[in-house]
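To keep things clear, I will list the structure first and then write my remarks on it.
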Amino acid sequence: MEKHGDKIEVSEREASNKPRGAHNVRIVLAASLLLAIIVLSLVWIIPALS
């Protein structure tokens with residue numbers, strides 16, 4: 001952040017409100033969803049086979 005008189009200049013990185021590790025959250029959520037689908041499918045399919 002730089003101040004020039006009454007004007008303050010900030011970089012894009014400083015101005016953005018994005019957390020740095022956001023893509024990791026998406027990966028964990030996608031893996032959890034996939035795992036839940038697999039487990040629930042097995043719970044449903046295995047008893048149906050017998």
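FYI, it's all coordinate maths here, none of it is from the lab. Here the structure is a predicted model, which is why all the values come from computation and not from measurement. Glycine also receives a Cβ, built like all others from the backbone with ideal geometry; neighbour counts cover every protein chain displayed.
Work out the charge dipole of the chain with +1 on the Cβ of Lys and Arg and -1 on the Cβ of Asp and Glu about the Cα centre, then indicate which of 31, 11, 42 is farthest towards its positive end.
Towards the positive end, the residue furthest out is 42.
At 7 Å along Cα-to-Cβ for each site, give me the label-to-label distance between residue 3 and residue 41 in nm.
Inter-label distance under the simple model: 5.9 nm.
So how strong a dipole does the chain carry about its Cα centre when Lys and Arg Cβ are +1 and Asp and Glu Cβ are -1, to the nearest 20 debye? Spell out each step's value before the answer.
Numbers: 6 positive and 5 negative charges, 35 e Å.
Roughly 160 debye, rounded to the nearest 20.
Can you tell me the equivalent ellipsoid semi-axes for the range 2-49? Use √(5λ) from the Cα gyration tensor, largest first, whole Å.
Working: eigenvalues 516, 8, 3 Å².
Over the Cα atoms of the range 2-49, the ellipsoid semi-axes are 51, 6, 4 Å.
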